[in-house]
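The values are calculated or read from the model by the stated rules, or taken from the named source; none is laboratory data. Everything numeric in this text was worked out from a predicted model, so none of it was measured. Cβ placement follows ideal geometry from the backbone for every residue including glycine, while neighbour counts extend to all protein chains displayed. Just so you know, the surface numbers come from the protein's heavy atoms only, side chains and all, with ligands and any DNA or RNA stripped out. Shrake-Rupley method; radii C 1.70, N 1.55, O 1.52, S 1.80 Å.
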Amino acid sequence: EAREAECLHHLGALHDLFIESMEWDRINAYTCDLQNVASPRIRSWLSFFQGYADIRVGAVGRGLAAMDRLLADPELEPALRLRALHAAHIAYVSLSRYDCALELMREALPLTRQLGDQARRSYLLLSIAQLYGDLADHRRALRLCRRSLRLARAAGAIYREVHALYEVGNNALHLGHWEEAAAALAAADGAYRGLGMTRRLAMIRWAQGTLALLRGNYEQSALALGEALALAEDERGSNALAAVDSLAQLGLLALVQGDEAGAMDRFSRAESL
(Lines give C-alpha, C1' and ligand atoms only; values in the text may rest on other atoms or scores of the structure.)
Protein backbone atom coordinates (compact mmCIF):
# COMPACT_ATOMS: atom_id res chain seq x y z
CA GLU A 1 0.00 0.00 0.00
CA ALA A 2 2.86 2.40 0.81
CA ARG A 3 4.53 1.69 -2.53
CA GLU A 4 1.21 2.20 -4.32
CA ALA A 5 0.75 5.58 -2.63
CA GLU A 6 4.33 6.58 -3.48
CA CYS A 7 3.86 5.59 -7.12
CA LEU A 8 0.66 7.62 -7.41
CA HIS A 9 2.25 10.62 -5.67
CA HIS A 10 5.08 10.75 -8.20
CA LEU A 11 2.80 10.09 -11.17
CA GLY A 12 0.50 12.91 -10.08
CA ALA A 13 3.38 15.32 -9.58
CA LEU A 14 4.89 14.46 -12.97
CA HIS A 15 1.50 14.77 -14.63
CA ASP A 16 1.03 18.29 -13.24
CA LEU A 17 4.48 19.31 -14.50
CA PHE A 18 3.86 17.86 -17.95
CA ILE A 19 0.54 19.74 -18.13
CA GLU A 20 2.31 23.03 -17.43
CA SER A 21 5.01 22.31 -20.03
CA MET A 22 2.36 20.94 -22.47
CA GLU A 23 4.27 17.68 -22.93
CA TRP A 24 1.31 15.36 -23.47
CA ASP A 25 3.46 12.64 -25.07
CA ARG A 26 5.54 12.28 -21.91
CA ILE A 27 2.40 11.59 -19.87
CA ASN A 28 1.69 8.58 -22.08
CA ALA A 29 5.29 7.40 -21.91
CA TYR A 30 5.06 7.02 -18.13
CA THR A 31 1.61 5.46 -18.07
CA CYS A 32 2.57 2.88 -20.72
CA ASP A 33 5.31 1.60 -18.41
CA LEU A 34 2.66 0.68 -15.83
CA GLN A 35 0.11 -1.04 -18.05
CA ASN A 36 0.62 -4.44 -16.44
CA VAL A 37 0.22 -3.25 -12.85
CA ALA A 38 -2.47 -5.28 -11.09
CA SER A 39 -3.54 -2.64 -8.55
CA PRO A 40 -7.14 -1.52 -9.32
CA ARG A 41 -6.40 1.87 -7.78
CA ILE A 42 -3.36 2.48 -9.96
CA ARG A 43 -5.23 1.29 -13.04
CA SER A 44 -8.00 3.82 -12.32
CA TRP A 45 -5.44 6.61 -12.15
CA LEU A 46 -3.76 5.38 -15.34
CA SER A 47 -7.13 5.53 -17.08
CA PHE A 48 -7.39 9.16 -15.99
CA PHE A 49 -3.86 10.07 -17.15
CA GLN A 50 -4.35 8.46 -20.56
CA GLY A 51 -7.81 9.97 -20.98
CA TYR A 52 -6.51 13.41 -20.08
CA ALA A 53 -3.73 13.15 -22.67
CA ASP A 54 -6.31 12.05 -25.27
CA ILE A 55 -8.40 15.14 -24.59
CA ARG A 56 -5.38 17.40 -24.96
CA VAL A 57 -4.19 15.92 -28.27
CA GLY A 58 -7.61 16.05 -29.93
CA ALA A 59 -9.06 12.60 -29.23
CA VAL A 60 -11.74 14.33 -27.18
CA GLY A 61 -14.43 11.67 -27.52
CA ARG A 62 -12.15 8.88 -26.33
CA GLY A 63 -10.84 10.96 -23.43
CA LEU A 64 -14.32 12.04 -22.35
CA ALA A 65 -15.51 8.42 -22.44
CA ALA A 66 -12.67 7.49 -20.07
CA MET A 67 -13.72 10.24 -17.66
CA ASP A 68 -17.37 9.19 -17.83
CA ARG A 69 -16.40 5.64 -16.89
CA LEU A 70 -14.43 6.87 -13.89
CA LEU A 71 -17.15 9.25 -12.73
CA ALA A 72 -19.77 6.49 -12.94
CA ASP A 73 -18.01 4.71 -10.05
CA PRO A 74 -19.70 5.82 -6.78
CA GLU A 75 -16.65 4.61 -4.82
CA LEU A 76 -14.16 6.69 -6.80
CA GLU A 77 -11.74 8.41 -4.41
CA PRO A 78 -12.39 12.17 -4.08
CA ALA A 79 -8.97 13.27 -5.39
CA LEU A 80 -9.43 11.28 -8.58
CA ARG A 81 -13.07 12.37 -8.96
CA LEU A 82 -11.94 15.99 -8.72
CA ARG A 83 -9.39 15.53 -11.49
CA ALA A 84 -11.80 13.56 -13.68
CA LEU A 85 -14.45 16.28 -13.35
CA HIS A 86 -11.91 18.89 -14.36
CA ALA A 87 -10.72 16.86 -17.34
CA ALA A 88 -14.29 16.22 -18.51
CA HIS A 89 -14.90 19.97 -18.24
CA ILE A 90 -11.96 20.58 -20.61
CA ALA A 91 -13.45 18.09 -23.07
CA TYR A 92 -16.86 19.78 -22.98
CA VAL A 93 -15.28 23.21 -23.54
CA SER A 94 -13.51 21.74 -26.60
CA LEU A 95 -16.94 20.64 -27.85
CA SER A 96 -18.46 24.08 -27.07
CA ARG A 97 -20.76 22.46 -24.50
CA TYR A 98 -20.32 25.24 -21.97
CA ASP A 99 -23.44 24.31 -20.02
CA CYS A 100 -22.08 20.83 -19.29
CA ALA A 101 -18.62 22.21 -18.53
CA LEU A 102 -19.96 24.72 -16.00
CA GLU A 103 -22.11 22.08 -14.31
CA LEU A 104 -19.04 19.88 -13.79
CA MET A 105 -17.08 22.76 -12.28
CA ARG A 106 -19.91 23.45 -9.83
CA GLU A 107 -19.74 19.81 -8.78
CA ALA A 108 -15.96 19.90 -8.48
CA LEU A 109 -15.53 23.05 -6.36
CA PRO A 110 -16.91 21.54 -3.10
CA LEU A 111 -14.39 18.70 -3.44
CA THR A 112 -11.52 21.18 -3.21
CA ARG A 113 -12.86 22.28 0.19
CA GLN A 114 -13.30 18.67 1.28
CA LEU A 115 -9.70 17.92 0.31
CA GLY A 116 -8.33 21.23 1.61
CA ASP A 117 -6.69 21.78 -1.79
CA GLN A 118 -6.46 25.54 -2.30
CA ALA A 119 -4.15 25.23 -5.29
CA ARG A 120 -6.64 23.02 -7.08
CA ARG A 121 -9.46 25.41 -6.13
CA SER A 122 -7.46 28.22 -7.72
CA TYR A 123 -7.15 26.07 -10.85
CA LEU A 124 -10.89 25.41 -11.01
CA LEU A 125 -11.76 29.09 -10.60
CA LEU A 126 -9.35 29.87 -13.43
CA SER A 127 -11.01 27.23 -15.60
CA ILE A 128 -14.42 28.77 -14.96
CA ALA A 129 -12.96 32.18 -15.79
CA GLN A 130 -11.65 30.83 -19.10
CA LEU A 131 -15.11 29.46 -19.85
CA TYR A 132 -16.71 32.87 -19.30
CA GLY A 133 -13.91 34.47 -21.32
CA ASP A 134 -14.80 32.20 -24.24
CA LEU A 135 -18.36 33.45 -23.91
CA ALA A 136 -17.10 37.08 -23.96
CA ASP A 137 -18.21 37.77 -20.38
CA HIS A 138 -14.83 39.30 -19.59
CA ARG A 139 -15.97 41.22 -16.50
CA ARG A 140 -17.03 38.03 -14.74
CA ALA A 141 -13.94 36.25 -16.06
CA LEU A 142 -11.63 38.95 -14.70
CA ARG A 143 -13.21 38.80 -11.24
CA LEU A 144 -12.70 35.04 -11.14
CA CYS A 145 -9.11 35.37 -12.39
CA ARG A 146 -8.27 37.82 -9.63
CA ARG A 147 -9.72 35.43 -7.03
CA SER A 148 -7.75 32.57 -8.55
CA LEU A 149 -4.57 34.64 -8.43
CA ARG A 150 -5.06 35.50 -4.75
CA LEU A 151 -5.66 31.84 -3.88
CA ALA A 152 -2.65 30.67 -5.86
CA ARG A 153 -0.37 33.15 -4.12
CA ALA A 154 -1.72 32.19 -0.71
CA ALA A 155 -1.14 28.51 -1.49
CA GLY A 156 2.34 29.11 -2.92
CA ALA A 157 1.23 27.50 -6.19
CA ILE A 158 3.63 29.13 -8.67
CA TYR A 159 2.25 27.52 -11.84
CA ARG A 160 -1.30 28.44 -10.94
CA GLU A 161 -0.13 31.97 -10.11
CA VAL A 162 1.61 32.48 -13.44
CA HIS A 163 -1.32 31.10 -15.43
CA ALA A 164 -3.71 33.32 -13.47
CA LEU A 165 -1.52 36.33 -14.27
CA TYR A 166 -1.91 35.59 -17.97
CA GLU A 167 -5.68 35.25 -17.67
CA VAL A 168 -5.91 38.50 -15.69
CA GLY A 169 -3.92 40.20 -18.45
CA ASN A 170 -5.99 38.68 -21.24
CA ASN A 171 -9.35 39.67 -19.76
CA ALA A 172 -8.11 43.12 -18.76
CA LEU A 173 -6.97 43.53 -22.37
CA HIS A 174 -10.45 42.75 -23.68
CA LEU A 175 -11.99 45.25 -21.24
CA GLY A 176 -9.60 48.06 -22.18
CA HIS A 177 -7.79 48.00 -18.82
CA TRP A 178 -4.50 48.30 -20.64
CA GLU A 179 -2.22 49.21 -17.74
CA GLU A 180 -3.42 46.25 -15.67
CA ALA A 181 -3.09 44.02 -18.73
CA ALA A 182 0.45 45.17 -19.48
CA ALA A 183 1.61 44.66 -15.88
CA ALA A 184 0.07 41.18 -15.55
CA LEU A 185 1.38 40.01 -18.92
CA ALA A 186 4.89 41.31 -18.20
CA ALA A 187 4.92 39.46 -14.88
CA ALA A 188 3.71 36.25 -16.57
CA ASP A 189 6.28 36.64 -19.35
CA GLY A 190 9.14 36.97 -16.89
CA ALA A 191 7.94 34.06 -14.76
CA TYR A 192 7.51 31.64 -17.65
CA ARG A 193 10.95 32.52 -19.02
CA GLY A 194 12.45 32.09 -15.56
CA LEU A 195 10.79 28.68 -15.25
CA GLY A 196 11.97 27.64 -18.71
CA MET A 197 8.39 26.96 -19.83
CA THR A 198 8.68 28.33 -23.36
CA ARG A 199 5.65 26.50 -24.78
CA ARG A 200 3.40 28.59 -22.57
CA LEU A 201 5.00 31.81 -23.81
CA ALA A 202 3.08 31.75 -27.09
CA MET A 203 -0.14 32.86 -25.41
CA ILE A 204 1.68 35.58 -23.45
CA ARG A 205 3.39 37.00 -26.53
CA TRP A 206 0.12 36.88 -28.48
CA ALA A 207 -1.57 39.00 -25.82
CA GLN A 208 1.37 41.41 -25.61
CA GLY A 209 1.40 41.74 -29.39
CA THR A 210 -2.34 42.40 -29.43
CA LEU A 211 -1.99 45.05 -26.75
CA ALA A 212 0.84 46.74 -28.68
CA LEU A 213 -1.31 46.70 -31.83
CA LEU A 214 -4.21 48.36 -30.02
CA ARG A 215 -1.85 51.04 -28.74
CA GLY A 216 -0.41 51.68 -32.21
CA ASN A 217 3.03 50.25 -31.40
CA TYR A 218 3.27 48.32 -34.66
CA GLU A 219 6.95 47.41 -34.48
CA GLN A 220 6.58 46.07 -30.95
CA SER A 221 3.43 44.21 -32.00
CA ALA A 222 5.19 42.55 -34.95
CA LEU A 223 8.03 41.35 -32.71
CA ALA A 224 5.70 39.90 -30.08
CA LEU A 225 3.31 38.25 -32.55
CA GLY A 226 6.20 36.91 -34.61
CA GLU A 227 7.67 35.26 -31.50
CA ALA A 228 4.23 33.91 -30.55
CA LEU A 229 3.87 32.30 -33.98
CA ALA A 230 7.37 30.81 -33.88
CA LEU A 231 6.72 29.33 -30.44
CA ALA A 232 3.33 27.95 -31.53
CA GLU A 233 4.86 26.31 -34.61
CA ASP A 234 7.87 24.88 -32.75
CA GLU A 235 8.12 21.30 -33.97
CA ARG A 236 8.80 20.11 -30.42
CA GLY A 237 5.16 20.77 -29.58
CA SER A 238 2.87 22.29 -32.18
CA ASN A 239 0.11 24.51 -30.79
CA ALA A 240 -2.27 25.03 -33.68
CA LEU A 241 -4.75 27.23 -31.79
CA ALA A 242 -2.01 29.64 -30.70
CA ALA A 243 -0.73 29.69 -34.29
CA VAL A 244 -4.22 30.56 -35.58
CA ASP A 245 -4.56 33.42 -33.09
CA SER A 246 -1.08 34.75 -33.89
CA LEU A 247 -1.64 34.62 -37.66
CA ALA A 248 -5.00 36.35 -37.30
CA GLN A 249 -3.44 39.21 -35.35
CA LEU A 250 -0.50 39.43 -37.76
CA GLY A 251 -3.06 39.72 -40.54
CA LEU A 252 -4.81 42.55 -38.74
CA LEU A 253 -1.45 44.24 -38.15
CA ALA A 254 -0.67 44.05 -41.87
CA LEU A 255 -4.13 45.39 -42.71
CA VAL A 256 -3.87 48.50 -40.51
CA GLN A 257 -0.48 49.19 -42.11
CA GLY A 258 -2.02 49.09 -45.59
CA ASP A 259 -0.58 45.71 -46.64
CA GLU A 260 -3.73 44.01 -47.88
CA ALA A 261 -1.90 41.20 -49.70
CA GLY A 262 0.12 40.38 -46.57
CA ALA A 263 -3.04 40.45 -44.48
CA MET A 264 -4.87 38.05 -46.81
CA ASP A 265 -1.90 35.69 -46.79
CA ARG A 266 -1.92 35.49 -43.00
CA PHE A 267 -5.70 35.18 -42.80
CA SER A 268 -5.60 32.35 -45.37
CA ARG A 269 -2.92 30.51 -43.40
CA ALA A 270 -4.96 30.91 -40.22
CA GLU A 271 -8.10 29.67 -41.96
CA SER A 272 -6.30 26.58 -43.27
CA LEU A 273 -5.16 25.72 -39.75
What does the net charge come to around R41 if you take all other residues with beta carbon closer than 12 Å to its beta carbon, with K and R at +1 and D and E at -1?
-3
Solvent exposure, largest accessible area first (probe 1.4 Å, DNA, RNA and ligands not counted), of S246, S96:
S96, S246
Extend 7 Å from the Cα of D68 along its Cα-to-C-beta direction; within the range 77-95, residues with backbone N under 17 Å of that point are 84-95
Length-normalised contact order of the chain, Cα under 8 Å, at least 6 apart, in percent, tallies to 9 percent
For the range 201-215 and the range 225-273, what is the separation of their C-alpha centers, rounded to whole Å?
12 Å
For L241, what accessible surface area do you get with a 1.4 Å probe? Give it in Å², rounded to 10.
140 Å²
Among L231, L223, L70, which one shows the biggest mean-square fluctuation in a GNM of the chain, springs joining Cα atoms closer than 10 Å?
L223
Rounded to the nearest 500, what is the 222 nm mean residue ellipticity of the chain from helices alone, with -39500 (n - 2.57) per DSSP H run of 4+ residues and division by all residues?
-27000 deg cm²/dmol
Extension gain (nm, one decimal) between E179 and A2, 0.36 nm per residue minus Cα-Cα:
58.7 nm
Across the range 158-167, in residue order, what do the Karplus-derived ³J(HN,Hα) couplings come to in whole Hz, using 6.51 cos²θ - 1.76 cosθ + 1.60 with θ = phi - 60° and x for Gly and Pro?
4, 5, 5, 4, 5, 5, 5, 4, 4, 5
How would H89, H177, H9 rank on accessible area, largest to smallest, probe 1.4 Å?
H9, H177, H89
Excluding D259 itself, calculate the net charge of residues whose Cβ lies under 11 Å from the Cβ of D259, where each Lys or Arg counts +1 and each Asp or Glu counts -1.
-1
Grab the Cα-Cα distance for Q114 and Q257, subtract it from 0.36 nm times how many residues apart they are, and report the gain in nm with one decimal.
46.0 nm
Find the relative contact order for the range 129-273 and round it to a whole percent, using C-alpha pairs within less than 8 Å whose residues are 6+ positions apart.
13 percent
Cα-based Debye curve of the range 117-235 sampled at q = 0.10, 0.14, 0.23 Å⁻¹ gives log₁₀ I(q)/I(0) of -0.28, -0.55, -1.30
The orientation-averaged projected area of the Cα convex hull of the chain, in nm², is 14.9 nm²
